1. Of all residues in region 359-374 being touching an Asp or Glu at 6+ places or on another chain (Cβ under 7 Å) and within 11 Å of ligand 2 (Cβ to nearest atom), which is farthest from Thr65 (Cα to Cα)?
2. Which members of region 426-439 meet the condition of being touching a residue at least 12 places away in the same chain (Cβ under 8 Å) and of a type in the set (Gly, Ala, Ser)?
3. What pairs come up if the first residue lies in region 112-132 and is farther than 16 Å from Glu379 by Cα, the second is charged (D, E, K, R), and their beta carbons are under 7 Å apart, counting only those six or more places apart or on different chains?
4. Looking at Phe52, Phe12, Phe103, Phe69, which one is more than 29 Å from His164 (Cα to Cα), at pLDDT 95 or above and of a type in the set (Phe, Trp, Tyr)?
5. Check Cys251 against each of (1) farther than 15 Å from Glu211 by Cα; (2) touching a Phe, Trp or Tyr at 6+ places or on another chain (Cβ under 9 Å) and name the one condition it does not meet.
6. So which residues in region 149-175 are farther than 24 Å from Ala254 by Cα and either under 10 Å from the mean Cα position of the chain (by Cα) or among the β-branched types (Val, Ile, Thr) (or both), if there are any at all?
7. For Gln207, which of the numbered conditions (1) touching a Phe, Trp or Tyr at 6+ places or on another chain (Cβ under 8 Å); (2) at positive phi fails to hold?
8. Which residues, counting only those in region 25-52, are loosely packed, with under 13 Cβ neighbours inside 10 Å and more than 23 Å from Gly85 (Cβ to Cβ)?
Amino acid sequence: MTSAKHKLGIIFFPAYDWAIDATHPEREERLLYTQDQLKEEGVFDLPGIKEFKPEIVDRQTIELTHFCFPDVAAVTTESHLIAAGGAVKAARLVMDGEVERAFALVRPPGHHAMKVVHGNRGFCNINNEAIMIEFIREHYGQRKIAIVDTDCHHGDGTQDIYWHDPHTLFISLHQDGRTLYPGSGFVRECGGPNASGKTVNIPLPPQTGDEGFIKVIDEVVLPILEDFQPDLIVNSAGQDNHYTDPITNMCFSARGYARLNEKLGPHLAVLEGGYSIQGALPYVNLGIVLAMAGIDYSHVREPDYDPERLRQSRKITDYIDNLCREVMAQYRRPPRSSLADGEFDHRQKSIYYDTDGIAEDQVEKVMVCRQCAGLRLIETRALSSQPSLGIEIPLGACSRCREAGLKILRESKNAMRYRQIKLINRVDREYLSFSEAEMSPRSKYFF
Ligand SMILES: [Zn+2]
Ligand SMILES: [Zn+2]
């Protein structure tokens, strides 16, 4: 019997009782056929592959990553806590050396969830990969981590969370934002002043096939990973680039996905999108599982697979050649901020939570810092004209950024301007939340 070359853990959480609504693509039976396929193939009987149960993440673990307004309970269901818990379990298995690699086959997905969460956007509430990564850093120490997002949609939530973090390389391959939700992820989006070049976007043209994806992996992703030298590689494994996916326009195959995964060699993979639940997911997931375990996947094939029909045009190949050159040129010479050390960089964002119909306006400020990821302040308005404030003192913050953050917390509490104030202080491991009532002049007296 074939055995795994790389010991692999699979965490399966199909959330059979969670859906946005009955006809929505992100619905209960999304992983049903995958489960059948893996069982039919006898994947769990192969020596070296083992299934594990997910854990449930607690509020504190989510608050390492997100500012949730009004609070974690209001923007999550139990299914979200278990999906993120599946990713955390995967991380724990790999970090403790119980397995070499792990694949969290969980839903609901997470890669559109940004730093601030007011509700659901792009089927996502909380960011499973980011919660997993910050769990690793909190419990096992700082690590250089590369995330390669191979979902068809731009991983705008993960990009937003890591925009300023020089220790996290975020690479997203996706269908060009001019033709698909969420409409972002262009080459020029390459990270904030403290992490310029650490965000890499590769917007691919519709109808990109196996050849185009593999070229991008060989000519862009692998050379950048080689240069960054991460301790861990995480794959946000969205499967909606598949040629049968009902909400996208790509021509990628299950075997193509397996090959991509083999080349990437991720320690951790977390399922993202993929809505062709019968035609694609069972085959793509099987291909990824076999590739991660280092087992031959050449027999994995969709019943209607026709390589001739899926061959990408010459025009697309030429376009991708140019795109690879453009992305590499920018990675080698990322733009430099004109701001001096200690000055604040500003970003203004309008964010729409398409599922919940919430419009958010944000002003984000980050202290330009040569020594750390920089103090991050986010003023957010949603469902109210009164703003709330998030203050993040990042992991490994320098004393200037830490002190500036604590001073802003004191002053903001006294200013009585905010509906809520939240603090993520990774240096002192302090996670605080103040509502308006707690910022009254009476409590100010005790402060
Ligand atoms: Zn997607
Ligand atoms: Zn600093």
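The values are calculated or read from the model by the stated rules, or taken from the named source; none is laboratory data. This is a predicted model, so every value here is computed, not measured. Reconstructed Cβ throughout: ideal geometry from the backbone, glycine too, with neighbour counts over all protein chains shown.
1. Here the residue is Arg370.
2. Selection gives Ser433, Ser435.
3. Sorted first by the residue in region 112-132, then by its partner, the pairs are His112/Arg121; His112/Asp156; Gly119/Asp356; Asn120/Asp356; Arg121/Asp354; Gly122/Asp354; Phe123/Glu26.
4. Among Phe52, Phe12, Phe103, Phe69, only Phe52 is more than 29 Å from His164 (Cα to Cα), at pLDDT 95 or above and of a type in the set (Phe, Trp, Tyr).
5. For Cys251, the failing item is (1).
6. If the condition is that a residue be farther than 24 Å from Ala254 by Cα and either under 10 Å from the mean Cα position of the chain (by Cα) or among the β-branched types (Val, Ile, Thr) (or both), then Asp156, Gly157, Thr158, Gln159, Asp160, Ile161, Tyr162, Thr168 are the ones that fit.
7. Gln207 satisfies all of (1) touching a Phe, Trp or Tyr at 6+ places or on another chain (Cβ under 8 Å); (2) at positive phi except (1).
8. Correct list: Asp36, Glu40, Gly42, Asp45, Pro47.
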